[in-house]
Amino acid sequence: MALSRFQCICGLLFFGSITVSGQVPQRVSSESLAGTRLLSEAMPLDEVMVAGIDRFALRSIQAAAEKRRDQHAGKSFGTAESREIASEMRRDFSESIGVVDERIPPVGIEVIASLDDDGIVAENGQVQIVAVRWKVLPGIDATGLLIRPMNRGVLARVVAIPDADWTPEMIAGVVAPDMRQAGNPSTAAGTDDSNVERGCTTRYALDFAMMGCEVLVPVVISRGTEFSRNDEIGRSTNLSHREFIYRQAFEMGRHVIGFEVQKILAAIDQFVLRNEAADVPLIVAGVSEGGLLALYSAAIDTRIDAAIVSGYFNQRDAVWQEPIYRNVWGLLNQCGDAELAALIAPRQLFIEASPAIPEVNGPAKARRNIAAPGIIVSPKTESVLAEVKRARGLLPQELAGEVVRVVEQTGPAGSEPLSSESVRRCLEQICSVQLEAVDHSGRLEEQRAHFQELKRQRSQINQMVDFTQQLVRKAFRVRDARFSKLDRTSAEAFDRSAQTERERIHGELFGRLPVPSMDADPRTRLVLDDNEMRGYEVVLDVYQDVIASGILLLPKDLREGEKRPVVVCQHGLEGVPMDTISGPESRGYRAYKSFAAELCRRGFIVYAPQNPYRGGDRFRTLQRKSNVLGRSLFSYIIPQHLVTLRWLSELPSVDPARIGFYGLSYGGKTAVRVPPMLPPTADEPGYCLSICSADYNDWVAKNASVDAPFSYLWTGEYEIFEWNMGHVANYAELSMLMTPRPFMVERGHDDGVGIDEWVAWEFAKVRRHYNKLGIGDATEIEFFNGPHTINGKGTYQFLHHHLQWPERR
C-alpha cells in the first residue's frame, strides 16, 4: 500500500530516534480502529481537506448563481409589481457594502480656495474647472473637481468616477504645468503624456461638460501604497490604499466600496439640491473601479436616472480572483451584475464591454509581501454579453432592450474607454437630444500653484481611517446593548436565552451551512504505537468533498468498559495534528510542548484534529470563495467538529459528557469560535469546556487597529478579517456564550500576538460575567513568563478538575 507523506513522517518519528515518549515504537501498520474501515488515502490529509473544501466552495458559487436565477425568475424588475422585492434587495445590498451611516444633509458644494488661490483649476472658453469638496459623513468629505459648461444651460448633472489609478484631473483633461510644451500635439489637444503612462487615455469627465453637463469628479482611493503605513510604530506595507482601508473597515461592517458609494450618493444629494432651480437628469459614469462604483450607486439610489459603466460589468462568479478590496460578504447570495442591473430598471444602464482599462497583476512588489493576491483584466466581450443577456432576462420584454444597453465601441476592441463618441451617444439617448462632436482645441492648463495630488489622496485616506478607528473605539456599546438583552437571572437562564444569540452569531459572523446529515463513514489507520499509547489517523465525511480528519490517541491502560474524558487538542496556523504530539526534536515542539501526548500520558483520551488553515494562499483563497457566499473558514470548521464530536461520543471508551477543547494560536482562535457554537444538547454532543491559549485578545482591535504594531493590518493573514465582527461579538461575548461551561485563557507575558493589558481587559468582562452568575470558579486566566507557547500547568489542572480525572504523578 502506498504511504502518505504523513505516514512516512510517522515512520521516522516512531521508528527512529524522534519519539513521543522516549520509547522506540513499533512500525506503522495497516491496522484500523475497531468499528471503522481501513484508511487508504495516500495524499496528505491536510491537502485532501483543503482541496475538497475548494471544490465544495466553487460548486456552491455555481449553485448560488442558479439559485438567483430561479429565485428571480418572473419577477419583472422595473415594474410596480417588483417594487417591494427590489427595495428589500437594495437595503440588503447597501448593508453588505457598509452603506449604513446617515449622510450629512447637503448645504451646497464648497470651493477649495485660499487667499492665494481662487479655487479655479483650469478654464477655457467652453468650461471652467473648480476644486471642490462636499460633506458626506461626520469626519469624511468628498473632494475633487466641479466642471461647469460656460455660456449655456445645463443639459444633465453627472458624477464622473475615475478608475482607482487615475486622478480627477486626468479624466478632466487638465494639463500638468510641467507638460506645457510648445508644439506638443498631445498637450495641445488637452491631454497629458503622464496620464497616458498611468493608463489614462480618456477625458470623459471633460467630454460630459463640453456637451453641456455639470460634472462632479470625486477623488477615488488609489491603488498606491505610499500611505498604507504608520511611521509612529515603524510599520509599512505593500498594501494598496484600497486594501488598507478594506481590512480595517471590513471588521467593522464597513467597506472602502461603501465609503466611496456614500461619496457618490452625497454628490447626488447635492445635485438634487441644485436641481431645485432646473430639473435635469442625474447620471453616474465610471471606468473599471469607477464603473463598479457607478453600478453599485445606481442600483442603490433610485434618484439616479442613468448609469454608464465601462470596463467592469461582467459575470462575477470569479470575483474571488479579483483584488480583495472587491470582496463583499454574501454578494453572490444576493446579486451578480445582472441583478444589480435589474435593480436599476426602469432607469437606463449603458454598458461598454471591452475597453482598455488599467490592469492589475497582483499587489505591488515588495521585500515583504503581505498584500492579498488579485488581478483585474479587461472583461471579455462574450462574457459581458452573457451577463447582459441574463440581466435582460430579469426584465419585462418591452423594457429589456431599452433599459440595459450595450455601447458599441467606436474603435477596435481595447480602444480607450468612454470615448467622446461613446459619451455623446449615451447622452443623446438619456436626454433625447442631438449633440455635435466635441472640439478639444481649447487647452486646459493647471492653474493651482501649490496643488499636491498625493497630499489630497492622503487626506482622503486618513479621513476613512479616522472614521473606522472611531467605530473600533465605540463598537463595544453596540455589543453591550446586544448582550444586555440576555437573561442573567441565573447561569441556566443565560444559557437558554443565549442559544438564540449563538444561532445569530453563527449565521452573521461565521456563516452557517446545513447541519451535516451524511454518513461519516469513519476510516482509520494505526500510525503510532509505543509503550503508553496508540495513535490512529482518522477521516470522517462531513459534506460531499468535505472531510474532517485528525489523530486519535488512546492510552494503553484503558480498561474494558471504562469511560474516560476526551481533550481535543488543536494545532495552530499552518500546523498538522502531529505538531501537538511530537517530541522535543520536532519543529513544533517549542510552541506545542507535545501537549496532546502529555495529556494522553495523564490518562485522557486525546483527539488532535486537522484544521483547514494550512497551505498559504491555497487555504486563504477558500475564505475569498466563501465570503461572497456569506461564509468563512469556520462555516466548514464548525460542522467538521460537530461530526467529530458525534463520532467520538460513540466510541465505547469515551464519556460523551466530558469532551473538552484546548487550542493554541489559531487553535486558540478556534477555541473561542467552535465550542461556544457547539454546546451539548439533548440531540447533539458538544464541548463541555474550552481553553484558549496564545490567542486571546481584544480581537476586534487586533484586527482593525492602525496603532498596534501587532495588528493584522501589518501581516500577511489577509483571510483573518470577519465581516462586522466589531458590532456582533468580540472575544468577551464569544466567551460568554460558553456559559455555564468552564472557560480558561492561557497567556504568556512575552507572546507577540498582543499585550497583557488588552488580554486582561477582554477577559475581565468574562470573569465579571461568570462571577455575577455565581459560577466564578468556572473561568480562569493564567499569565506566565514565556512566549507564544503551551505552558501546561494551570491548564492541565483546569482539565483534571473540570473533566473530573485525577492527576497522576
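Miscellaneous remarks
- Within-11-Å neighbourhood charge of LEU399 [Cβ basis; K, R +1; D, E -1]: 0
- FRET efficiency for ARG504 and ALA34, using Cβ-Cβ distance with R0 set to 35 Å, rounded to 0.05: 0.30
- The label point for GLU398 and the one for ARG618, both projected 7 Å from the Cα toward the Cβ, are 5.7 nm apart.
- Applying a DSSP loop filter and a limit of 13 other Cβ atoms within 10 Å to the GluC sites (Glu not before Pro) in region 90-141 leaves GLU102.
- Members of LYS75/LYS380; LYS625/LYS772; LYS702/LYS772 lying beyond 31 Å, as alpha-carbon distances in this model show: LYS625/LYS772
- Counting DSSP beta bridges with both ends in the chain, the antiparallel % (nearest 5): 50
- Region 304-309 - phi-based ³J(HN,Hα) in whole Hz, Karplus 6.51/-1.76/1.60, Gly and Pro as x: 6, 7, 7, 10, 10, 10
- Under 18 Å from LYS365, Cα to Cα: aspartates and glutamates that are on another chain or at least 8 residues apart: ASP165, GLU226, GLU243, GLU322, ASP617, GLU717
- Separation of region 448-477 and region 542-611, taken as the distance between their Cα centroids, equals 47 angstrom.
- Of all beta bridges that DSSP places with both ends in region 522-680, some 70 percent have antiparallel geometry.
- Student exercise, the chain dipole from Lys, Arg, Asp, Glu Cβ charges, in Debye to nearest 20: 1680
- In summary, no lysines lie within cross-link reach of LYS556, defined as a Cα separation below 20 angstrom excluding same-chain residues under 8 places away.
- 3J(HN,Hα) along region 254-265: 10, 7, 4, 4, x, 4, 6, 4, 4, 5, 5, 5 Hz, from the Karplus curve 6.51 cos²θ - 1.76 cosθ + 1.60 with θ = phi - 60°, whole Hz, x for Gly and Pro.
- Amide H to amide H, with H built 1.01 Å from N, VAL127 comes under 5 Å of MET150, counting only residues 5 or more places away or on other chains.
- Length gained on full extension, ASN785 to SER383: 138.8 nm, using 0.36 nm per residue less the C-alpha separation.
- With N as its number of residues, region 90-171 has a Cα radius of gyration that, divided by 2.2 N^0.38 Å, comes to 1.33.
- Per-residue HN-Hα couplings for region 644-650 [Karplus 6.51, -1.76, 1.60; θ = phi - 60°; Hz; x = Gly/Pro]: 4, 4, 4, 5, 4, 5, 8
- Accessible area of ASP317 (1.4 Å probe, protein heavy atoms only, ligands and nucleic acids ignored): about 50 Å².
- Cut-off under 5 Å, modelled amide H: who pairs with ILE755 long-range: none
- Region 629-664-region 735-809 distance, computed between alpha-carbon centres (Å): 21
- For peptides 571-583, 426-438, sequence by mean Cβ density within 10 Å, most packed first: 571-583, 426-438
- Peptide packing for 60-67, 763-770, 352-359 was compared via the average number of neighbouring C-beta atoms within 10 Å per residue; ordered from the highest value, the list is 352-359, 763-770, 60-67.
- Other-chain or far-sequence residues with amide H under 5 Å of VAL158's (modelled H): GLU214, VAL215, LEU216, ILE283
- Rounded, prolate or oblate (a/c below 1.5 giving rounded, otherwise prolate when a/b exceeds b/c) for the chain by Cα gyration tensor: prolate
- Residue ranges 43-55, 488-500 sort as 43-55, 488-500 when ordered by packing (mean number of other C-beta atoms within 10 Å per residue, highest first).
- Projecting the Cα atoms of ILE147, PHE93, ALA80 onto the dipole axis of region 71-173, where Lys and Arg carry +1 and Asp and Glu carry -1 at the beta carbon, places ALA80 farthest toward the positive end.
- Taking all protein chains as shown and a probe of 1.4 angstrom, MET211 keeps an accessible surface of around 10 Å².
- Taking ARG620, ARG458, ARG587 and ordering them by how much accessible surface each has at a 1.4 Å probe, largest first, produces ARG587, ARG458, ARG620.
- About the centre of its Cα atoms, region 661-805 shows a dipole size close to 360 debye [charges on the beta carbon of Lys, Arg (+1) and Asp, Glu (-1) only; nearest 20 debye].
- Relative to the Cα centre, the charge distribution of region 443-586, modelled as +1 at Lys and Arg Cβ and -1 at Asp and Glu Cβ, gives a dipole magnitude of about 1220 debye.
The values are calculated or read from the model by the stated rules, or taken from the named source; none is laboratory data. Quantities reported herein were computed from a predicted structural model and do not represent experimental measurements. Neighbour counts run over all protein chains shown; Cβ positions are idealised from the backbone, glycine included. For accessibility, only protein heavy atoms count, side chains too; no ligands or nucleic acids. Shrake-Rupley method; radii C 1.70, N 1.55, O 1.52, S 1.80 Å.
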